[in-house]
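Novice: Could you have a look at this structure, given as structure tokens, before my questions?
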Amino acid sequence: MQSLLLSYYGDDLTGSTDVMEALELGGVPTVLFMRQPDEAMLSQFGHCRAIGLAGISRSETPQWMDMHLKRAFAWLKTLNAEICHYKVCSTFDSSPAIGSIGRAIEIGRSVFSQDSVPLVVGAPQLKRYTAFGHLFAAYREKYFRIDRHPVMSRHPTTPMDESDLLIHLSRQTDLTSGLVDLATLQSASRSGAFNRLLADGTNIVLLDVDSLESQALAGNEIWRVRRPGGTFVVGSSGIEYALLAEWAANRTVRAEPSFSPPGAADRIAVVSGSCSPTTERQIRHALTDGFDGVAVDPVELVSQASSDAIARAAASGRASLEAGRSVVLYTALGPTADRGAEIDRQEGARHKLGRGLGELLRELTIEQKLQRVVIAGGDTSSHALGQMGVDALTVRMPLPASPGSPLCVAHSRVKAIDGLEIALKGGQVGTDRYFCAIRDGLGG
């Protein structure tokens, strides 16, 4: 295996593919494993210079992290990559009880025996920006401070009510923190300021990013201070974009990426557990452009009658596919249809919902010999794909119109799943034509 530039753990599946897409676009061959691979599986990807491990920590408790993240980080450390990245969502939504980024940093510091952890969240490629420690994000071509964002400030599980990221983290950890702000980052004193924070043992060091220029400066600083045996860092895929700028500048990476168009699929199946208004628009658009829609009752899907719900949905989906039409099977049409309060009465129900959708999609894929499918919803994707028998993913084609949601290729020991093209879409990702574009082999 080649020496690795980067290893990473994604806190959900769509975030993990986001990183893989960024690296592949930058000329870094990457594989994303669904679980820790054995040596035989790992050896199949010896050409890769980045290795990812898809996780579900975004929707888990600190107690779950204590049990699972330490083991995952320890394995990633054995890969001896120059950088090991704990990937979080670019909207940074998290809480002390669910998806605690603070707890993940504590665990990573311990495994890597590292006092200071660099943090980068801004990613202009995804229309995410940090300025003087505050996070801003776009929504329908307008820009909002994250605590005023029309969607993320009202997230059903982890609403963002604080835009100052270091204050937000202070609710999740007692670790100390510091900031290399935009003015400092763009000055001649940036390296000295960064060095002082590290020398003082500041536990979390956030670097502002509001543009491609400040992103490149952040990447230069992180690469400059890397340590033998690997440096643990935290952030969005802004970490990869920052490092890619540095690797291009110093000629660490020289390959030019090349992707051939996949062409249209005769029919595809989509499963969606997302309540996002973005996904709602995508579903509604698909229903006007050749897709059939199948509503799946989410409460029944997580109940004792889940097998009945899956069977009925599969029958409806089968009828559409056998008639030559694509189909989208969904548990909600936007935030007004969110039944999370009912679902949450049952412990672990949201995970069960994702697994149910995965079981449904697997059945339709194998039976109908589908070549291309879509899973929508960040939390949904992680649990749904676990039911599909997928061992690893690689990028088939990035989707320039919808960055962060590439079309991937599944690698599996299950013959009917191996080679399947899968697109995994977070709730906020994609244009209104996303599902239709995937069907038609276009750029998202």
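Novice: Please go through the stretch 324-346 and pick out each residue that is open to solvent by 60 Å² or more (accessible area, probe 1.4 Å) and either at pLDDT 95 or above or of a type in the set (Phe, Trp, Tyr) (or both).
Specialist: ARG325
Novice: Moving on to the next point. In the stretch 381-406, what count of residues is obtained for those that are open to solvent by 10 Å² or more (accessible area, probe 1.4 Å) and closer than 20 Å to ARG355 by Cα?
Specialist: Matching residues across the stretch 381-406 total 6.
Novice: Look at the stretch 37-64 and say how many of its residues are closer than 27 Å to THR252 by Cβ and either open to solvent by less than 10 Å² (accessible area, probe 1.4 Å) or not in a helix (DSSP H, G or I) (or both).
Specialist: 13
Novice: Which of (1) open to solvent by 10 Å² or more (accessible area, probe 1.4 Å); (2) farther than 17 Å from LYS425 by Cβ; (3) within 23 Å of the chain's Cα centre (by Cα) does THR288 not meet, given it meets every other one?
Specialist: (3)
Novice: Continuing with the same structure: With the structure loaded, tell me whether THR278 is in contact (Cβ under 8 Å) with a residue 12 or more places away in the chain, within 26 Å of the chain's Cα centre (by Cα) and surrounded by 20 or more Cβ atoms within 10 Å (Cβ to Cβ) or whether it fails that test.
Specialist: Answer is yes for this residue.
Novice: Go over the candidates SER110, SER94, SER116, SER100 one by one and state the one that is among the small types (Gly, Ala, Ser), modelled with pLDDT of 95 or more and open to solvent by 30 Å² or more (accessible area, probe 1.4 Å).
Specialist: Going through SER110, SER94, SER116, SER100 in turn, the sole match is SER110.
Novice: Restricting the stretch 65-91 to residues that are hydroxyl-bearing (Ser, Thr, Tyr), under 20 Å from the mean Cα position of the chain (by Cα) and not in a strand (DSSP E or B), which is surrounded by the most Cβ atoms within 10 Å (Cβ to Cβ)?
Specialist: Here the answer is SER90.
Novice: Please list, ordered by first then second residue, the pairs with beta carbon atoms under 8 Å, 6 or more apart or interchain, first in the stretch 388-404 and part of a loop (DSSP other than H, G, I, E, B), second modelled with pLDDT of 90 or more and aromatic (Phe, Trp, Tyr).
Specialist: Taking only residues 6 or more apart or on different chains, the pairs are ASP391/PHE33; SER402/TYR434.
Novice: Taking the stretch 291-310 as the search range and keeping residues that are assigned to a loop (DSSP other than H, G, I, E, B) and open to solvent by less than 20 Å² (accessible area, probe 1.4 Å), which one is modelled with the highest pLDDT?
Specialist: Looking at residues that are assigned to a loop (DSSP other than H, G, I, E, B) and open to solvent by less than 20 Å² (accessible area, probe 1.4 Å), I get VAL296.
Novice: Given the conditions (1) open to solvent by 10 Å² or more (accessible area, probe 1.4 Å); (2) assigned to a loop (DSSP other than H, G, I, E, B), which single one is not true for VAL28?
Specialist: VAL28 satisfies all of (1) open to solvent by 10 Å² or more (accessible area, probe 1.4 Å); (2) assigned to a loop (DSSP other than H, G, I, E, B) except (1).
Novice: Can you tell me how many residues in the stretch 207-225 are outside any loop (DSSP other than H, G, I, E, B) and open to solvent by 30 Å² or more (accessible area, probe 1.4 Å)?
Specialist: Selection size over the stretch 207-225: 6.
Novice: Which numbered condition trips up GLY238, out of (1) over 24 Å from the mean Cα position of the chain (by Cα); (2) farther than 21 Å from GLY317 by Cβ?
Specialist: Every condition holds for GLY238 apart from (1).
Novice: Condition (residue is in contact with an Asp or Glu (Cβ under 9 Å, 6 or more places away or on another chain), at pLDDT below 95, open to solvent by 10 Å² or more (accessible area, probe 1.4 Å) and at negative phi) applied to the stretch 181-189: is it met by at least one residue?
Specialist: no
The values are calculated or read from the model by the stated rules, or taken from the named source; none is laboratory data. Note that the structure is a prediction, hence the values are computed from the model and not measured. We place every Cβ from the backbone using ideal geometry, glycine too, and count neighbours over all the protein chains shown. Just so you know, the surface numbers come from the protein's heavy atoms only, side chains and all, with ligands and any DNA or RNA stripped out. Shrake-Rupley method; radii C 1.70, N 1.55, O 1.52, S 1.80 Å.
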